[in-house]
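Scroll down for the structure; my scribbles are underneath it.
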Amino acid sequence: MIILITGATSGFGKAIAEKFASNNYNCIITGRRKEKLLAIADDLQKKYSIKVLPLVFDVRNREEVFNHLENLPDEWKNIDVLVNNAGGAWGRDSFENGLIDDYDTMIQTNVNGLLYVSKAVLPNMIKNKKGHIINMGSVAARDMYQNGNVYCAAKAAVDALSKTMRIDLLPHKIKVTAIQPGAADTEFALVRFKGDADKAAQTYKGYEPLHANDIADITYYCATLPSHVCINDLVVTCTAQADGIYFYKE
Ligand code: NDP
Ligand code: 8X3
């Protein structure tokens, strides 16, 4: 079995790669940080005796995405599971104060990236009449919160795409699952707050957030159900979080 995970240099993507590798999947892992990606590939191959194909590209770059994914070596062409995970938030400011460059980054990474990768991978899934696309959404797609503006909008677009892809791909027997996590202690907050570690740590103070392994376990469960069963949509938060807005912090 082959899984392709975008954004596997940290957080959910890295944990998902490890979970599937430990269950004998061969993994295509992607990201922009080449050294990290190669180190992860090396580690997984040694630990689990599976094959790993690391691909360094920016999901926002349409040409790079198609060049890599349309020219996969034959042994890697038949991808069983695609996890559209690369993404994130850049900035957390009121709409009038936010940076337009951050808005572009959020839309291009979370939405355009998902579109390009999915379009490049789909032809073989369609040919094989099987496949599973798992899109990493967010509670931010459902509960709009103050200063969430463009990140909420980008994840709402992912939500809409997950629903419509599921409908359109029915005749091809391709499953589409949307996972909508709440707060998880990955590099997400560090990226959102542009490397400000104190601000990032503040995000997770007073409660136990989700961990990357929790999402990896859930993703693996979704991907390994019988062929006639599809989890369409899964909202998952830590016990201290009720939705995109309400937390109980101590
Ligand atoms: P991380 O910042 O730890 O991981 C993000 C991953 O995305 C990295 O591997 C990064 O790799 C990759 N990435 C970012 N931009 C690009 C790009 N332009 N091209 C290619 N790869 C890119 O965060 P998470 O693991 O938390 O995030 C994973 C997904 O989960 C995201 O879609 C995020 O929005 C979503 N999410 C996160 C939540 C959280 O609280 N942590 C909650 C809900 C959803 P590199 O930098 O090497 O390119
Ligand atoms: C990440 C979770 O609450 O910061 O998608 O939007 S949140």
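Couple of notes before you dig in:
- When S22, S49 are screened for being more than 16 Å from ligand 2 (Cβ to nearest atom) and at positive phi, only S49 passes.
- Matching residues, region 184-235, being touching a residue at least 60 places away in the same chain (Cβ under 8 Å) and within 16 Å of G88 (Cβ to Cβ): A184, T186, E187, F188, V191, R192, F193, K194, A212, I215
- Look at (1) more than 10 Å from ligand 1 (Cβ to nearest atom); (2) out of contact with any Phe, Trp or Tyr (no Cβ under 8 Å at 6 or more places or on another chain); (3) of a type in the set (S, T, Y) and you find that S22 fails only one, number (2).
- Condition check for L72: buried (at least 16 other Cβ atoms within 10 Å of the Cβ) and touching a helix residue (DSSP H, G or I) at 6+ places or on another chain (Cβ under 6 Å): no
- No other residue among N26, N97, N112, N85 is in contact with a strand residue (DSSP E or B) (Cβ under 6 Å, 6 or more places away or on another chain) and under 30 Å from Q146 (Cα atoms) apart from N85.
- One residue from N110, N128 being within 16 Å of L161 (Cα to Cα) and at pLDDT 95 or above: N110
- The residues listed here are I40, I79; of these, the one that is surrounded by 19 or more Cβ atoms within 10 Å (Cβ to Cβ) and touching a strand residue (DSSP E or B) at 6+ places or on another chain (Cβ under 6 Å) is I79.
- Restricted to region 136-250, the set of helices (runs of 4 or more DSSP H) holding at least 1 residues that are more than 10 Å from ligand 1 (Cβ to nearest atom) and either of a type outside the set (K, R) or surrounded by 21 or more Cβ atoms within 10 Å (Cβ to Cβ) (or both) comprises 149-168, 197-202, 212-223.
- Conditions (1) in contact with a strand residue (DSSP E or B) (Cβ under 6 Å, 6 or more places away or on another chain); (2) of a type in the set (G, A, S); (3) under 28 Å from A156 (Cβ atoms): number failed by A15: (1)
The values are calculated or read from the model by the stated rules, or taken from the named source; none is laboratory data. The structure presented is a predicted model; accordingly, all values stated were derived computationally and were not measured. Neighbour counts are summed over all protein chains in view; Cβ atoms, including those assigned to glycine, are modelled from backbone coordinates with ideal geometry.
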